[in-house]
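Asker: Shown below is the structure under consideration.
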Amino acid sequence: MRKITLKEAREIFEEELGKRISDASWYRLKTVFGEDFPHTKQNVIWLAGIKKQLPKCDLRLVPIVNSVREANQLIANQNSEISGKELLELFEEHNITIHPNTLTKWFKPLNGFRKTRVYELKELYPVILAAHTYKLRREINTVTQSIVKAS
């Protein structure tokens, strides 16, 4: 894949996102790119897609980008449809525990959660993505609290 300039990357990012980002935000975001994650059109579009799904997410945090990759792999390894019960089992396999109220909130755009209902993975992508980042945020909070208690 061909590398693109920072200017081209920003233009593509803003086009995909559907709005302009500030110079400060772009300055912080461009640090994500490196040797293992080069400036390619595909990578920029991928990052913009994450930002659309998780607008408040700090993309500079490598674990968040990795959790998004995990979510994408999880979806790629499944059939095109999955039941609510299978989704909960999948979360359990990945040690993702979600409070029922949080699950209800995530499924509100899908007219609620049912264990017996069969969902398409395309419509579950935001939920799976949110679950992985939810787990990550909880782990970060746990580590932070243990550091504060230790000091």
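The values are calculated or read from the model by the stated rules, or taken from the named source; none is laboratory data. None of the values given here were measured: they were computed from a predicted structure. All Cβ positions, glycine included, derive from the backbone under ideal geometry; neighbour counts span all protein chains shown.
Asker: Output the residue which, of all residues in segment 10-27 that are modelled with pLDDT under 90 and within 17 Å of Phe37 (Cα to Cα), is surrounded by the fewest Cβ atoms within 10 Å (Cβ to Cβ).
Answerer: Checked segment 10-27; the qualifying residue surrounded by the fewest Cβ atoms within 10 Å (Cβ to Cβ) is Tyr27.
Asker: Could you look through segment 40-49, keep only residues that are part of a helix (DSSP H, G or I) and touching a residue at least 24 places away in the same chain (Cβ under 8 Å), and pick out the one that is surrounded by the fewest Cβ atoms within 10 Å (Cβ to Cβ)?
Answerer: Looking at residues that are part of a helix (DSSP H, G or I) and touching a residue at least 24 places away in the same chain (Cβ under 8 Å), I get Gln42.
Asker: Exactly one of (1) of a type in the set (Phe, Trp, Tyr); (2) in a loop (DSSP other than H, G, I, E, B); (3) at pLDDT 85 or above is unmet by Phe37. Its number?
Answerer: The single condition Phe37 does not satisfy is (3).
Asker: Hey, can you tell me all the residues within segment 130-146 that are modelled with pLDDT under 80 and touching a helix residue (DSSP H, G or I) at 6+ places or on another chain (Cβ under 7 Å)?
Answerer: His132, Thr133, Leu136
Asker: Among helices (runs of 4 or more DSSP H) lying entirely in segment 59-109, which contain 3 or more residues that are at pLDDT 85 or above?
Answerer: Counting at least 3 such residues, we get 84-93, 100-106.
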